[in-house]
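Report on one structure; see the data block that follows.
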Amino acid sequence: WLLHDRCRLVTLLGMGGMGKTTLSVKLAELVQGEFEYVIWKSLRDAPPLGELVTTLIRFLAQDNTTLPESVGGKLSRLVECLRQSRCLLILDNFETLLQSGKRAGTYAQGCSDYGEFLRCVGEIAHQSCVVLTSREKPQEVGILEGDQLPVRTLPLPGLDAIAGHALLTVKGLTGAAVDTDRLVAHYRGNPLALKIAATSIRDLFEGDITRFLDQGTFTFNGMSYLLEQQFDRLSKLEKAIMYWLATNREPTSPAELQADIVPALPQPKLMKVLESLRWRSLIDTAKATSAADDAIGFTQQPVVMEYVTEHLIDQMSSEIVATAPDLLMSHALIKTQAKDYIRESQMRVILDPVIARSLAVLGSPKQLENNLNRLLPLLRTAPLHTTGYGGGNLLNLFRQLETDLAGYDFSQLNICQAYLQDANVHHVNFAHATFNNCAFASTFGGVTAVAFSADGQQLATSDTNGAIQVWSTANGQQLVACDGHNSWVWGVTFSSQHTLLASCGQDHTVRLWQPTTGECLQTLQGHTSIVTAVSFSPDARLLASSSEDQTIKIWQVVTGDCLQTLTGHNACVWDVAFHPDGQTVMTGGEDNVIRVWDLATGQCV
């Protein structure tokens, strides 16, 4: 279909565990030589279409030109890219965009524009191909497909007896051919179900399929019961990691898992547990989404993730009803520093169902709040290293219930992964509480300046309240605050090695800061009016400052001495910048003039 019929849109359709993802990866490997670009992308957490299309265009067009604001405009640009180059685009887990409990192929809220995407790539002529893997057929595919048309669907009915027998053989199983055929037929040829069953047969029945069947194990009722049997056999640590992988919703590196788990787990022990889960066919490897390099990550097949998520929801809600916290203290309901759409997915598929299931038993939001209130003193009396995520989970549950938290007492608690950016925590007692990876609303004055560190990992901002803040660009979290200016801060800049931060302000001063601690290292005084801008020399040995007093001063960073005062502007000097040679400075002022200065002579050249 791809190579000979030049199909534009192909759907691989089948139930969970049927091997759609594996087939799509193998397909890409086999035909990659026929395409200029091959892109494989998971839609597991329903990324906004605009974000996905922007990423695709940037990759295919290989430039950073301004893109249209509208999704329709971006789709037109993407189709143009698909015309110009022969591309294979594989979109995995398309069913996550579709609404459960509705007619098959109906889009979930906020995902309907994916229908327009399918219409564009299916109807408009281009030389590329988009391959979907899905448990449900999208309505657009049903309308556009046909045996002689460029839009087609390949249903995956499961492995036949020969293929199923081959899979069981490589897993080390033995038995009569008729019994092998019965086992394959029982699980409808589902490769994942067969792999999980094979692991149980090998462990419990020494790999003998006939003995397995003689034990009446056909009472296993489908994949869910099979997964339950497998899950119940896991160690507590294995279950803990399975819960975290289901919560994280995307490939997770060992380092991130190690940071998640409480109490702390040594890395060698973590790797042994991950290896054990791989042997049980319960996790897969992939590039870690959060890693900047090619670090390996671990994740779950969708059918496994759904089961583990459901199990987690049941456990959490039962603990709330019984006011007996366990998982509520060891696992987070949401991750505050996850990508926005991942965190929204965690709220939708974990936090909200925990609340709904608890309400179904307790009967009213008021009774649910009462139970959550009874958990607070339990957290305060539990050993600190075991409370982990309890305080943060309670705050997230209260926030989702829109509880008025005024007067609540969260003092002395360890509060982790609490998302409070849109919560009112006025008059909440947080005395002696410890906060870790929490998100609060950030209040600024007017923001006057922004500056990146040289490595792009930090962003400094200044405002009209006299505040300077340093942020992590990776997750948007504040790293440090620098307090010292008593009024507007007009400028802020990092040194080339981002070991120093300089600022200037309404108080006529220039200040040097340690950006990792917020400590003020030096206050440089000498200007007689507002200092408007600062700039480090390339080697960070000198600092230039401009001022409303119509001068530019050159400072020696180590000593804080003023080495030169440059005069020549007839009005406020608004900005200053070093040339890369370190010997030339340029300034711009309210007198409509840009001046170039030679530092060796102090003259305007």
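The residue list Ala600, Ala540 contains one member that is in contact with a Leu (Cβ under 9 Å, 6 or more places away or on another chain) and assigned to a loop (DSSP other than H, G, I, E, B), which is Ala540. Inclusion of Ser537 among residues that are open to solvent by less than 70 Å² (accessible area, probe 1.4 Å), of a type in the set (Ser, Thr, Tyr) and touching a Ser or Thr at 6+ places or on another chain (Cβ under 8 Å) is not warranted.
Within region 400-453, being part of a strand (DSSP E or B), out of contact with any Ser or Thr (no Cβ under 6 Å at 6 or more places or on another chain) and more than 30 Å from Cys504 (Cα to Cα) holds for Asp409, Ile415, Cys416, Leu420, Thr434, Phe435, Asn436.
Counting only residues that are open to solvent by 70 Å² or more (accessible area, probe 1.4 Å) and without any contact (Cβ under 8 Å) to a residue 24 or more places away in the chain, region 276-291 holds 1 of them.
Screening Ser112, Ser100, Ser134 for residues that are open to solvent by less than 10 Å² (accessible area, probe 1.4 Å), on the phi < 0 side of the Ramachandran plot and not β-branched (Val, Ile, Thr) leaves exactly one candidate, Ser134.
The condition of being over 22 Å from the mean Cα position of the chain (by Cα) and either of a type in the set (S, T, N, Q) or open to solvent by 20 Å² or more (accessible area, probe 1.4 Å) (or both) holds for only one of Val361, Val349, Val273, that being Val361.
Restricting region 459-479 to residues that are part of a loop (DSSP other than H, G, I, E, B) and within 23 Å of the chain's Cα centre (by Cα), the residue that is modelled with the highest pLDDT is Thr473. Taking the conditions (1) in contact (Cβ under 8 Å) with a residue 12 or more places away in the chain; (2) part of a helix (DSSP H, G or I); (3) surrounded by fewer than 20 Cβ atoms within 10 Å (Cβ to Cβ) in turn, Ala125 satisfies each one other than (2).
Here is a check on your reading of the model: is Leu521 open to solvent by 70 Å² or more (accessible area, probe 1.4 Å), in contact with a Phe, Trp or Tyr (Cβ under 9 Å, 6 or more places away or on another chain) and part of a strand (DSSP E or B)? Against the criterion (open to solvent by 70 Å² or more (accessible area, probe 1.4 Å), in contact with a Phe, Trp or Tyr (Cβ under 9 Å, 6 or more places away or on another chain) and part of a strand (DSSP E or B)), Leu521 qualifies. Scanning region 169-202 for residues that are outside any helix (DSSP H, G or I) and open to solvent by 20 Å² or more (accessible area, probe 1.4 Å) yields Lys171, Gly172, Thr174, Gly175, Ala176, Arg188. Taking the criterion of being open to solvent by 30 Å² or more (accessible area, probe 1.4 Å) and not hydrophobic (A, V, I, L, M, F, W, C), the residues of region 251-269 that qualify are Glu256, Gln258, Pro263, Pro266, Gln267, Pro268, Lys269. Evaluating Phe117 against the criteria (1) part of a helix (DSSP H, G or I); (2) at pLDDT below 95 leaves one unmet condition, (2).
The values are calculated or read from the model by the stated rules, or taken from the named source; none is laboratory data. Nothing here was measured: the structure is a model prediction, and the numbers come from that model. Cβ coordinates were reconstructed from backbone atoms using ideal geometry, including for glycine residues, and neighbour counts include every protein chain displayed. Please note that ligands, DNA and RNA were not included when accessible areas were found on the heavy atoms of the full protein model with its side chains. Shrake-Rupley method; radii C 1.70, N 1.55, O 1.52, S 1.80 Å.
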